[in-house]
1. Considering only region 222-231, I want to know if a residue exists there that is surrounded by 18 or more Cβ atoms within 10 Å (Cβ to Cβ), in contact with a helix residue (DSSP H, G or I) (Cβ under 8 Å, 6 or more places away or on another chain), touching a residue at least 40 places away in the same chain (Cβ under 8 Å) and among the polar types (S, T, N, Q).
2. I'd like the full set of residues that are surrounded by 15 or more Cβ atoms within 10 Å (Cβ to Cβ) and among the hydrophobic types (A, V, I, L, M, F, W, C), limited to region 95-109.
3. Tally time: how many residues in region 154-210 are over 24 Å from Val251 (Cβ atoms) and of a type in the set (Val, Ile, Thr)?
4. State all residues of region 53-84 that are touching a helix residue (DSSP H, G or I) at 6+ places or on another chain (Cβ under 8 Å), closer than 23 Å to Ile22 by Cβ and not in a loop (DSSP other than H, G, I, E, B); if no residue qualifies, say none.
5. So which of Ser92, Ser15, Ser63 ends up being surrounded by fewer than 19 Cβ atoms within 10 Å (Cβ to Cβ), at pLDDT below 95 and in the same structural domain as Asn127 (by TED's automatic domain parsing)?
6. Residues being touching a residue at least 40 places away in the same chain (Cβ under 8 Å) and under 30 Å from Val251 (Cβ atoms): count how many of those fall in region 50-101.
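The values are calculated or read from the model by the stated rules, or taken from the named source; none is laboratory data. This one's a predicted model, so the numbers in the text were calculated from it and none came from an experiment. Neighbour counts are summed over all protein chains in view; Cβ atoms, including those assigned to glycine, are modelled from backbone coordinates with ideal geometry.
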Amino acid sequence: MTETAAIAKPARQSSITRLIDIVFPGDTNHHGTLFGGAGLALMDRVAFIAATRFGRTPFVTASCERIDFKQPARVGNIVEFSARPVRAGRRSLTVEVEMAAETIVGRERHTCTRGIFHMVAVPEGENAASYALPELIPAGTQNTSDAVAMVEIVFPDQANSVGRMFGGEAIAYMTKAAFVAASRYSGKLVVLASSERIDFARAIEIGEIVEAEARVERVGRSSMSIETKLWSENLLTGERHITATGHFTMVAVDTDHRAVPVRDSGALDVALLDERDA
């Protein structure tokens, strides 16, 4: 008898998916902190995106392990949800999710909670019966870029009558990414002063992932120019396209909404010394 050669199982590296949002008053309870249910919903959403990016097939949430909220996220905080696949079976995938909150002023950051979500692949089509998840390879060095990268999924209420994302929704998402990038860079409150021309190269369909990348490219005394790119990604194939590009000018302000220097004088002196030494 001849042995049948085993078919090598495809392998895929575990990578971190980040969903970033801002806590607004409508998302909070009477204590001014983020509703636990809203936090859990966002944790589940980013777990779904991370799982689908890994398996490139539809997933459902099977269960989540006990989740304890150690610290709250308050109104005005930036909240970041980081999801990473940690264990893969034939059709089950375990995703670890961390929720962290940070203040805009001073950039004080704390972990709110961590959770484990168990996702199950539900493949469709003629090859569904033979589908198996790829082998999970532990992540190597993560991207340390200073750019903000944040993902979301396009839902029907964000789309027009032909199933494509409203341009205004896309611009709002790009502006949010620019706000987070400018706030993190300056450690101060920022407001949108202006936006340059925004060009849309491609429509975004319902169910696609949108990923906004925002980077500080120029800094003035109180203003920052933020370059923002919006990518669309097919959930099942992973095919990505640049959908829109734009530049936003954000201005650092104090609590009275008066313009202030982006960096304090001490921080500027240190930066100049570093440049001179380099």
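1. yes
2. Scanning region 95-109 gives Val95, Val97, Met99, Ala100, Ala101, Ile104.
3. Qualifying residue count, region 154-210: 6.
4. Ile78, Val79, Phe81, Ser82, Ala83, Arg84 - these are the residues of region 53-84 that are touching a helix residue (DSSP H, G or I) at 6+ places or on another chain (Cβ under 8 Å), closer than 23 Å to Ile22 by Cβ and not in a loop (DSSP other than H, G, I, E, B).
5. Ser15
6. The number of residues fulfilling the criteria is 13.
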